[in-house]
Amino acid sequence: MNPNNYLVLAAILFTIGALGVLVRRNAIIVFMSVEMMLNAANLAFVAAARSTGTLDGQVAAFFVMVVAAAEVVVGLAIIVTIFRTRRSASIDEASLLKY
Amino acid sequence: MTAALIGLPLFGAATLLLGGRRTNAWGHFFAVAMSASSFFVGIFLFIQMLGRSGEERAVGQYLFDWISVGRFHVPFGLHIDQLSMVFVLLITGVGTLIHVYSIGYMEHDPNRRRFFAYLNLFVAAMLLLVLADNYLLLYVGWEGVGLASYLLISFYQHKPSAAAAGKKAFIVNRVGDVGLSIAVMLMFVTFGTVTFEGVAAGAPQAAPSHVTWIGLALLLAACGKSAQFPLQSWLLDAMEGPTPVSALIHAATMVTAGVYLITRAHAIFDLSSTARTAVVTIGAITLLLGAFIGTAKDDIKKGLAGSTMSQIGYMILAAGLGPAGYVFAIFHLLTHGLFKAGLFLGAGSVMHGMNDDVNMRHYGALRTAMKITYATFGLGYLAIIGVPPFSGFWSKDEIIHAAFGQNIYIGLATLLGAGVTAFYMTRMMAMTFFGEARWEKGIHPHESPATMTAPMLILALGSAFGGLLLVFVGDIEGWLEPIVGIGHSDHAVSNTILIPVTLLVVLVGAGYGWMTYGRRPVPVVAPENVSLLTRAARADAYGDALNEAVFMRPGQYLTRALVWFDSKAIDGTIGGLSAAIGGLSARGRKLQNGYARSYALTMLGGAVLIAFVLLLVRL
């Protein structure tokens, strides 16, 4: 198979994720979009590793997964706390930390 | 022994100033005793000096190392030689007489103790000035007399005019002092030392331009202290001080410091004809200017002050003639110290009798009311206009003679000065002692007490016989020869012609003065309808106006411009910069709006931009 297809798929996924972050207000959805962007990057890493026949990309994908897992823990904890106090998960409403 | 000369009056000043009111009762006697004992120490040293031969008469006394930094060594050393000796005797002698006079003159003044403390301080500073063995120590004495002069001019500090006059004297003197400090620095740069000996030894090898600049800087210093043109304006105002001060400081001693300085630095002036020419020119201008001012003053003390300027002009001129003139400068300084102190004390005595009125138009016919003052003032008068055999004749004639040897115009200037001197002194004499009485109501002139007349009598004797003594007994030329050398300039005009001519000029001046003020009645109020020249002389030849127009006003404008520049340009730049940064950050702060999505958009935009740039660079 042509590895370019994987890269194109990764780019499409990344773009969908980025748009999701920019346009959605619900914190959970934004969070999912961020995960999608991370996984798009993972796909690109793995595809590149496969086409060059080296392990560097695979290792990088594992690192990203580990970091993403840690980030999910922290991020979800924050979102839950915000929801508990404000009864809403809208990130536009949580805009008190400003000038 | 030499240190005791300075130490005694200094101790007197310290006792009176630190002792406070406890010394009120006996303070003035103590001050007189200190000044007199300094005089006796001087006499003792003088007799010791007479016991030695010419070359060995100069004695140094090293006290301690004053400054020792790197190559710069200044000893605190005193040096007494023939030149210092005549000054020591003049300062302590005339100084003691004036101390005695002040006992009577200041009898009713509540601040008499302070006055005597300052007088002692002045004597100590002046002695340090003439006894120092280097220019830096001389500078200390120089500043000391400046301080004492300031304190004494503004002694009647409750009078705004006296306070202003003191400040004026101090500030104008500062201008001259800058000259002296520049000269001292130049000496150190050029010779590596500031001792008299070292400078005299190094001068012949030094660059001529350096020597000339040192000479000109020293001349500036002399102009300040000796009230020479263009720094003459303070002396007339200095008459605000008590009259004994005018006699001691502003006639007999302090103002002659400039003449001492030039004579002491003769090694410099001998080598630079430019500096000598400048000195002679300044002297000639001042002697005519002072005499000119003296002709129109109705204030007896200001008239005498103009005369002092003029006579010191003679001395400066003589000192500028080089070896031919130094001796006569000092000679005239001595005779002038005697007769001018006598004249000032006489003026003080007249004021004392006339209820402190200084306007000569209110005097007249005092010769019967104040016989002793009349006699002593008269002797001083004969001495200053140069009638033989009184003291002024011997010294002034020698200066005129030497001036003709140098240059015919300088000679004519001194001759003209002699004529004008005779005119204004005759005017003063006629207005004060002759004519009809023009006393104001309720004034009863009376002779002054013995403490005042005794010093006047002694000074009158000095005015009468001082010249004779110095020429025939003292041999002033031979006495000073080891210090300043003796020069035989080619005298263009011989004395046999010059003396009669001088006397004729003096007679014409005196005769004109007598015709104008002695024979005709003197108006009580100064006439307003007078010539332009008289107006100029009454206004001190517009010296103050000139200073204001040339120095004071532009100075004020300059400071105002600087203040404006400081507040507008400098403060404006700094203030504007901080305001701009503040405004910018107030706007930049708004970017921090709290919406996570807008931050995300910014990040995405930045990342895209970076990726785009990377792609571009790679391609």
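Worth a mention:
- Annotation note: of A:34, A:59, the sole residue that is surrounded by 17 or more Cβ atoms within 10 Å (Cβ to Cβ), among the hydrophobic types (A, V, I, L, M, F, W, C) and in a helix (DSSP H, G or I) is A:34.
- Just one of the listed residues (B:563, B:550, B:608, B:617) is exposed (fewer than 10 other Cβ atoms within 10 Å of the Cβ), of a type in the set (Val, Ile, Thr) and out of contact with any Lys or Arg (no Cβ under 7 Å at 6 or more places or on another chain), namely B:617.
- Tally, over the range B:573-601, of residues that are assigned to a helix (DSSP H, G or I) and either in contact with a strand residue (DSSP E or B) (Cβ under 7 Å, 6 or more places away or on another chain) or surrounded by fewer than 13 Cβ atoms within 10 Å (Cβ to Cβ) (or both): 19
- Hits in the range A:7-26 - residues which are surrounded by 14 or more Cβ atoms within 10 Å (Cβ to Cβ), within 9 Å of chain B (Cβ to nearest Cβ) and of a type in the set (A, V, I, L, M, F, W, C): A:18, A:21, A:22
- Qualifying residue in the range B:132-143 (condition: touching an Asp or Glu at 6+ places or on another chain (Cβ under 9 Å) and acidic (Asp, Glu)): yes
- Count of residues meeting criterion [of a type in the set (Lys, Arg) and part of a loop (DSSP other than H, G, I, E, B)] in the range B:277-320: 1
- Residues of the range B:126-163 satisfying the condition of being among the hydroxyl-bearing types (Ser, Thr, Tyr) and in contact (Cβ under 8 Å) with a residue 40 or more places away in the chain: B:135, B:139, B:149, B:154, B:156, B:161
- Top-ranked residue in the range B:382-409 [being surrounded by 24 or more Cβ atoms within 10 Å (Cβ to Cβ) and among the aliphatic types (A, V, I, L, M); ranked as farthest from residue B:512 (Cα to Cα)]: B:402
- The test for being within 10 Å of another protein chain (Cβ to nearest Cβ) and of a type in the set (S, T, N, Q) holds for residue B:598.
- Residue in the range B:45-62 that is under 26 Å from the mean Cα position of the chain (by Cα), assigned to a helix (DSSP H, G or I) and within 27 Å of residue B:461 (Cβ to Cβ) present: no
- Odd one out for residue A:50, checked against (1) free of Cβ contacts under 8 Å to residues at least 40 places away in the same chain; (2) away from chain B (no Cβ under 14 Å); (3) assigned to a helix (DSSP H, G or I): (1)
- Remark: pairs (first residue in the range A:84-97, more than 10 Å from chain B (Cβ to nearest Cβ); second residue part of a loop (DSSP other than H, G, I, E, B) and not aliphatic (A, V, I, L, M); Cβ separation under 6 Å; 6+ apart in sequence or on different chains) = A:90/A:25.
- Check on residue B:593, away from chain A (no Cβ under 14 Å) and among the polar types (S, T, N, Q): no
Every number here is computed from the coordinates shown, using simple stated rules; none is lab data. Fair warning: this is a prediction, and the values are worked out from it, not measured in the lab. Here Cβ is always computed from backbone atoms with ideal geometry, including for glycine, and neighbour counts include all displayed protein chains.
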